[in-house]
Amino acid sequence: MKKMKKMMALLLIAIMGIYALTACGKEDKPKETVKETDDKSTTGDKKEEEKPKPTEEAKKDTIKALLPPVSGTYQDNFEKWEKEFNELYPNLTLEIEAASWEDMTSKLDVQVQAGSPPDIAFVGSGGVPKYLDTELLIDISKYATPDMLADFDELVLNYFKNGDGIYGMPAYAEVHGIGGNREMLEAAGIDWKRIQKEGWTYEEFREAIKAGTVKEGDKTRYGFVFACSGVTAKDYLGIFVKSAGMPSPFTKDLKYAYTSQNFLKLLEAMRTLIDDGSMPKELSSIDAGKRWNMFLTGQTMITGKGLSTFERSAAMNNAKLEANDGSAVEGSIKAEYIILPVPTFFGNELVTSGAVDGYIAFRGVEEPTEEHLQNVAKAMYFLASGEIAATTCSELMINPVAESARAAAANIPVPENKIVENSEAQAILMGKIAEARPDITPELGAKEQRIMDEVVGPKFQALLAGEATPQEMYDAVKAAAIDAFGADGIVVD
């Protein structure tokens, strides 16, 4: 039965990998990070007392990693990190393969399905249940030293917990939200300083973006634009659903939450923003790069998905405009980026969407040795801690989540938001990130992921394109949920 379960899990990954490959293949690469001309990424000296050097008898071993462009210069440093890791552990070789964000998931899924995944991969913590169900994911707490795990902030490390196991090491914790053009917000009479501190309701948000929608001849400056091309549509739904009374796809008693009437009402509200002209009708075709271009060229007042580093990105483009630098975005205008919370729905509290991403480890079809798994833990910690983590977080303009990284950050200039209110707003939003849910079993997590990939994602795309109504999407999701979890395993209200 265990072998049969494993085969079924691998089949599920194959199906999901094919879907992801189809969805991602059509999407332009998002241009959300700004690559710095200064290469500040230095791994430096790790605390060697915490990582004893191998003895002469230590066996040679190779650890393979598959990593996306986590920050602007992240992939530029792969060769340097490989060299530094080998200097730290002369008997170990770290081989890093680069992957784009677009093909990271599909490539990893294909490798997992084939039974030959990399030793280490970079994923969002939400992917843990899916891969755990394949029985190839490694409980790293069995192979990492206690000092390694104690280096990470416990609340953040919890995102990689499931049951009693720990299945990853976090690289960072970031808030995904929205952000606006300061001049346009103020021209529309929006008190953004109050909103940063107190938040706003859907009704307030809707009136604000209607006020920020301006038509001039055959051109429209929209009140709100979110990247929704392909898989990015899931971000839009995933970020907004948390403040509609559904901070997780499962309630605390492990019932599937998206069959709640609040989910239907949320879909209706999101469709209304398109129908009343506050968002473009072609929203489903706007990718991450285009939505940021629309913000910089003044085609939208508010944009999403929003990140703290976008203030810096906008400021850098402003500097290029002032210097008449031809590398500024064509047709762009000066814009100050203001961090904003997502609106709350139906009287619920604000719950922010946290991106807790990091490194997970796999075993292949052939069982690895205990020594190899210990070496994998060393490589994971090498990437997730110290100066590598500090430099990555510096480029992303977020605080490190490991004590060793915070110590290393003292020697790395960290860019700060020039707008003081943005730093304060980011701190508020970080304090409202949805809590980790290690109680969601691998079986439930895998079923939820399948519904997301096969039903929620495609139906939401159809909803945004006007090809499905909110009721039709809700009915399809509910039917899939009953099939997966049974009538007693879903929310009925």
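The values are calculated or read from the model by the stated rules, or taken from the named source; none is laboratory data. Only a predicted model underlies this, so the values are computations on that prediction, with no experimental measurement involved. Methodologically, a virtual Cβ is constructed for each residue, glycine included, from the backbone with ideal geometry; neighbour enumeration extends over all protein chains shown. The area values use the complete protein model at the heavy-atom level, side chains included, leaving out ligands, DNA and RNA. Shrake-Rupley method; radii C 1.70, N 1.55, O 1.52, S 1.80 Å.
Go through the range 114-135 and give me each residue that's under 18 Å from Leu67 (Cα atoms) and more than 16 Å from the chain's Cα centre (by Cα).
Initially, the range 114-135 is screened for residues under 18 Å from Leu67 (Cα atoms), giving 116-128, 131.
Hits for the range 114-135 are Ser116, Pro117, Pro118, Asp119, Ile120, Tyr131.
Scan the range 95-103 and give yes if some residue there is surrounded by 19 or more Cβ atoms within 10 Å (Cβ to Cβ) and within 16 Å of Asp119 (Cα to Cα), otherwise no. Steps first, answer last, please.
Taking the range 95-103 as the starting set, the residues that turn out to be surrounded by 19 or more Cβ atoms within 10 Å (Cβ to Cβ) are 96, 99, 102.
The next check asks that each one be within 16 Å of Asp119 (Cα to Cα); those that pass are 96, 99.
The answer is yes, given that some residue of the range 95-103 is surrounded by 19 or more Cβ atoms within 10 Å (Cβ to Cβ) and within 16 Å of Asp119 (Cα to Cα).
Test Asn324 against the criterion of being open to solvent by 50 Å² or more (accessible area, probe 1.4 Å), among the polar types (S, T, N, Q) and over 21 Å from the mean Cα position of the chain (by Cα), and give yes or no.
Numbers: open to solvent by 50 Å² or more (accessible area, probe 1.4 Å): yes; among the polar types (S, T, N, Q): yes; over 21 Å from the mean Cα position of the chain (by Cα): yes.
It is true that Asn324 is open to solvent by 50 Å² or more (accessible area, probe 1.4 Å), among the polar types (S, T, N, Q) and over 21 Å from the mean Cα position of the chain (by Cα).
Does the range 459-473 hold any residues that are open to solvent by 10 Å² or more (accessible area, probe 1.4 Å) and in a helix (DSSP H, G or I), and which are they?
Narrowing the range 459-473 to residues open to solvent by 10 Å² or more (accessible area, probe 1.4 Å): 459, 461-462, 465-472.
Answer for the range 459-473, where residues must be open to solvent by 10 Å² or more (accessible area, probe 1.4 Å) and in a helix (DSSP H, G or I): Lys459, Gln461, Ala462, Pro470, Gln471, Glu472.
Name every residue in the range 252-268 that is of a type outside the set (Asp, Glu) and open to solvent by 40 Å² or more (accessible area, probe 1.4 Å), in order of residue number. Let's see the steps before the verdict.
To start, the set of residues in the range 252-268 that are of a type outside the set (Asp, Glu) comprises 252, 254-267.
Scanning the range 252-268 gives Lys252, Leu254, Lys255, Gln261, Lys265.
So which residues in the range 243-268 are within 22 Å of the chain's Cα centre (by Cα) and free of Cβ contacts under 8 Å to residues at least 24 places away in the same chain?
Scanning the range 243-268 gives a single hit, Met246.
Filtering the range 269-300 down to residues that are open to solvent by 10 Å² or more (accessible area, probe 1.4 Å) and outside any helix (DSSP H, G or I), which residue is modelled with the lowest pLDDT?
Per the criteria, the residue is Asp287.
Does Asp235 fit the bill of being acidic (Asp, Glu), open to solvent by 40 Å² or more (accessible area, probe 1.4 Å), in contact with a Lys or Arg (Cβ under 8 Å, 6 or more places away or on another chain) and at pLDDT below 95?
Details: acidic (Asp, Glu): yes; open to solvent by 40 Å² or more (accessible area, probe 1.4 Å): yes; in contact with a Lys or Arg (Cβ under 8 Å, 6 or more places away or on another chain): yes; at pLDDT below 95: yes.
Criteria met by Asp235.
With Gly223, Gly124, Gly163, Gly217 as the choices, which residue is out of contact with any Ser or Thr (no Cβ under 6 Å at 6 or more places or on another chain), over 30 Å from Val365 (Cα atoms) and not aliphatic (A, V, I, L, M)? Don't jump to the end; show me each part of the working.
Details: Gly223 fails: out of contact with any Ser or Thr (no Cβ under 6 Å at 6 or more places or on another chain); Gly124 fails: over 30 Å from Val365 (Cα atoms); Gly163 fails: over 30 Å from Val365 (Cα atoms).
Going through Gly223, Gly124, Gly163, Gly217 in turn, just one is out of contact with any Ser or Thr (no Cβ under 6 Å at 6 or more places or on another chain), over 30 Å from Val365 (Cα atoms) and not aliphatic (A, V, I, L, M): Gly217.
Considering the range 287-325 alone, what residues qualify as being more than 20 Å from Lys418 (Cβ to Cβ) and in contact with a Pro (Cβ under 7 Å, 6 or more places away or on another chain)?
Asp287, Ala288, Gly289
Does Glu183 fit the bill of being under 22 Å from Ser308 (Cβ atoms), at pLDDT below 95 and acidic (Asp, Glu)?
Values: under 22 Å from Ser308 (Cβ atoms): yes; at pLDDT below 95: no; acidic (Asp, Glu): yes.
It is false that Glu183 is under 22 Å from Ser308 (Cβ atoms), at pLDDT below 95 and acidic (Asp, Glu).
Where residues in the range 71-90 are open to solvent by 20 Å² or more (accessible area, probe 1.4 Å) and of a type in the set (S, T, N, Q), which of them is nearest to Asp357 (Cα to Cα)?
Among those residues, the one meeting the criterion is Gln75.
Select from the range 410-458 the residues that are assigned to a helix (DSSP H, G or I) and among the acidic types (Asp, Glu) and write down the one among them that is surrounded by the most Cβ atoms within 10 Å (Cβ to Cβ). Before the answer, list the steps.
First pass over the range 410-458, keeping only residues assigned to a helix (DSSP H, G or I): 420-430, 442-458.
Remaining after also requiring among the acidic types (Asp, Glu): 421, 424, 443, 448, 453-454.
Numbers: Glu421: 15, Glu424: 15, Glu443: 14, Glu448: 24, Asp453: 22, Glu454: 15.
Residue satisfying both the conditions and the ranking: Glu448.
Tell me the residue from Phe226, Phe263, Phe250, Phe310 that is modelled with pLDDT of 95 or more, among the aromatic types (Phe, Trp, Tyr) and within 28 Å of Asn399 (Cα to Cα), please. It would help to see each step written out before you state the result.
On the way: Phe263 fails: within 28 Å of Asn399 (Cα to Cα); Phe250 fails: within 28 Å of Asn399 (Cα to Cα); Phe310 fails: modelled with pLDDT of 95 or more.
Exactly one residue qualifies, and that residue is Phe226.
Regarding Asp493, is this residue open to solvent by 60 Å² or more (accessible area, probe 1.4 Å), touching a helix residue (DSSP H, G or I) at 6+ places or on another chain (Cβ under 6 Å), part of a loop (DSSP other than H, G, I, E, B) and not polar (S, T, N, Q)? Walk me through it before giving the result.
Working: open to solvent by 60 Å² or more (accessible area, probe 1.4 Å): yes; touching a helix residue (DSSP H, G or I) at 6+ places or on another chain (Cβ under 6 Å): yes; part of a loop (DSSP other than H, G, I, E, B): yes; not polar (S, T, N, Q): yes.
Yes, satisfied.
Which residue, of Val356, Val365, Val329, is crowded, with 22+ Cβ neighbours inside 10 Å and among the hydrophobic types (A, V, I, L, M, F, W, C)? Don't jump to the end; show me each part of the working.
On the way: Val365 fails: crowded, with 22+ Cβ neighbours inside 10 Å; Val329 fails: crowded, with 22+ Cβ neighbours inside 10 Å.
None of the other options fit; the residue is Val356.
For the range 181-230, enumerate the residues that are assigned to a loop (DSSP other than H, G, I, E, B), open to solvent by less than 50 Å² (accessible area, probe 1.4 Å) and within 22 Å of Glu336 (Cβ to Cβ). Can you show your working first?
So the first thing to find is which residues in the range 181-230 are assigned to a loop (DSSP other than H, G, I, E, B), and the list is 188-191, 199-200, 212-213, 217-218, 227-229.
Retained after the next criterion (residues that are open to solvent by less than 50 Å² (accessible area, probe 1.4 Å)): 188, 190, 199-200, 212-213, 227-229.
Matches in the range 181-230: Ala188, Ile190, Gly199, Trp200, Gly212, Thr213, Ala227.
I'd like the full set of residues that are among the aliphatic types (A, V, I, L, M) and either in a helix (DSSP H, G or I) or within 17 Å of the chain's Cα centre (by Cα) (or both), limited to the range 156-180.
Residues of the range 156-180 that are among the aliphatic types (A, V, I, L, M), as a first pass: 156-157, 166, 169, 171, 173, 175, 178.
Within the range 156-180, Val156, Leu157, Met169, Ala171, Ala173, Val175, Ile178 qualify.
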